[in-house]
Amino acid sequence: MVKFRNTGIRIADDDIYLNEDRYGDPKEMFKFINLILPKDKVNKGIRWLDVGCATGEFIYYLKSEFPRDYFTGVDISPAMITKAAECNPKQQFLCEDLLNQQIEVTEQYDIVTCTGVLQIFDQIEKPIENLLSLVAAGGILVITGSFNNHDVDVLMRYRRVNEAAIWETGWNLFSKATYEGCLENNKNVAEWTWHDFAIPISLGEKEDPMRSWTIKTELNPNQLINGAGQLLYVKSCLIYVV
């Protein structure tokens with residue numbers, strides 16, 4: 001497990017991802033990110049980096065869409081990196097932490113993606129700075145997760161009743177305004193655009209209550225929610241680097 005600032009912990013999701021096989025059934029989020037990417041940038045022999053790649057399902061999907069490109073995945077879980085490499089034998093996978101510390105940049109990439117990861121952190125300035133440093137000039141950073149449209153940041157902790165009394169993190173909610181403040185302060189950022197994700201299918205509740213599912217509301221037939229009662233408003237931010 002990985003500790004963050006002694007205020008809570010994030011238990012690695014190995015048990016979830018190592019027991020799933022979604023390589024032949026890509027997530028709707030993967031398709032969404034593909035949809036919003038500028039098509040003049042991809043499938044031209046460019047280099048991609050997926051930060052928090054888990055078992056490499058997203059890279060597996062991207063390679064099927066953009067066979068001319070080259071992909072690298074990074075995750076902090078050795079077990080998930082091992083599975084990712086086994087299922088994507090021609091791509092590169094590294095077990096590293098690129099978000100929670102000062103990093104030394106030895107390579108840069110044309111597209112860097114980071115999906116559902118930054119909400120584990122209590123402070124996002126350093127992770128965003130690190131991600132931007134990994135993007136080559138003229139490249140794109142794609143951050144995807146749950147964001148708050150209102151100017152309110154929320155640090156969230158939860159624990160599972162009748163299990164070890166451990167307070168977990170993983171569902172922090174930062175405002176778009178906070179993200180934009182980080183981007184405005186970075187001299188390498190030219191512009192950014194926001195894209196709202198609307199899942200086109202309904203999802204049933206899982207055995208693990210902290211895995212999101214959908215409910216029907218007056219405004220949304222497929223509103224994402226989790227077992228903490230959080231309504232999830234998922235977006236991608238495309239950030240263009242100069």
Revision key, fill the gap. Among Asp97, Asp110, the single one that is part of a strand (DSSP E or B) and either buried (at least 17 other Cβ atoms within 10 Å of the Cβ) or of a type in the set (Asp, Glu) (or both) is Asp110
Practice item. Considering every residue within segment 185-195, establish whether at least one is small (Gly, Ala, Ser), out of contact with any strand residue (DSSP E or B) (no Cβ under 7 Å at 6 or more places or on another chain) and at pLDDT 95 or above. Key: no
Revision key, fill the gap. Of the residues in segment 20-47, those that are loosely packed, with under 12 Cβ neighbours inside 10 Å and either among the hydroxyl-bearing types (Ser, Thr, Tyr) or in contact (Cβ under 8 Å) with a residue 60 or more places away in the chain (or both) come to Pro38
Check your understanding: What number of residues in segment 130-184 are part of a strand (DSSP E or B) and under 17 Å from the mean Cα position of the chain (by Cα)?
Key -> 13
Check your understanding: Among Gln92, Gln108, Gln102, which is the only one that is farther than 22 Å from Met210 by Cβ and at pLDDT below 95?
Key -> Gln102
Point to revise | Flag if Ser175 is of a type in the set (S, T, N, Q), under 25 Å from Glu96 (Cα atoms) and touching a residue at least 12 places away in the same chain (Cβ under 8 Å) | key: no
Check your understanding: Does Ile201 satisfy the criteria of being of a type in the set (Val, Ile, Thr), part of a loop (DSSP other than H, G, I, E, B) and surrounded by 13 or more Cβ atoms within 10 Å (Cβ to Cβ)?
Key -> no
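The values are calculated or read from the model by the stated rules, or taken from the named source; none is laboratory data. All values derive from a computational prediction rather than experimental measurement. As a convention, Cβ positions derive from the backbone with ideal geometry for all residues, glycine included, and neighbour counts pool all protein chains shown.
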